[in-house]
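Asks: Quick one: this structure, given as structure tokens, is what I'll be asking you about.
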Amino acid sequence: MGFVNMAKVLPFHYPLSSPVIEQAVECVQSGGVLAIPTDSFYALAVGVFHQTALERLLAIKGGRENNPFP
């Protein structure tokens, strides 16, 4: 898959500002992958109805052909 490697770091401090939320929504709607910090790891978030986003997530996670996402 020939994805363009692009990354944008958003200031992720609580409470989240409207511009940060808008940029995160734009990322998901355009097929991007969000890495969201939690207490112990980063969660990955995509738009589940966006085929390109799911392909990107599979490329990141790797080896899930027989092990679908929950």
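The values are calculated or read from the model by the stated rules, or taken from the named source; none is laboratory data. Keep in mind that this is a model prediction, so the values were computed, not measured. Cβ sites come from the backbone with ideal geometry, for glycine too, and all protein chains shown count toward neighbours. All accessible areas refer to the heavy atoms of the entire protein, side chains included, with ligands and DNA or RNA removed. Shrake-Rupley method; radii C 1.70, N 1.55, O 1.52, S 1.80 Å.
Asks: List the GluC sites (Glu not before Pro) in the chain that DSSP assigns to loop (not H, G, I, E or B) and whose Cβ has at most 16 other Cβ atoms within 10 Å. Which are they?
Replies: Passing both the DSSP loop test and the Cβ count: 65.
Asks: Send over a whole-number figure in Å² for the accessible area per residue of the chain, probe 1.4 Å.
Replies: Accessible area per residue, the chain: 82 Å².
Asks: I would also like to ask the following. Say we join alpha carbon atoms closer than 10 Å with springs in a Gaussian network model of the chain; which of 34, 16, 44 then has the biggest fluctuation?
Replies: 16
Asks: Could you state the angle between the C-alpha long axis of helix 18-29 and the longest principal axis of the C-alpha atoms of the chain, as a value from 0 to 90 degrees rounded to the nearest 10?
Replies: It is inclined by approximately 10 degrees.
Asks: What do you get for chymotrypsin sites (Phe, Trp or Tyr not before Pro) in the range 24-61 restricted to DSSP loop and a cutoff of at most 15 other Cβ within 10 Å of the site's Cβ?
Replies: Those satisfying the criteria are 41, 49.
Asks: Please report, as a whole percent, how much of the solvent-accessible surface of the chain comes from carbon and sulfur atoms (probe radius 1.4 Å).
Replies: 58
Asks: Would the range 12-70 count as rounded, prolate or oblate if I go by the C-alpha gyration tensor, calling it rounded below 1.5 in a/c and otherwise prolate when a/b exceeds b/c, oblate otherwise?
Replies: Judged from the Cα gyration tensor, the range 12-70 comes out oblate (a/c at least 1.5, b/c at or above a/b).
Asks: Around residue 46, under 12 Å between beta carbons, what's the net of Lys plus Arg minus Asp minus Glu among the other residues?
Replies: Net of charged neighbours comes to +1.
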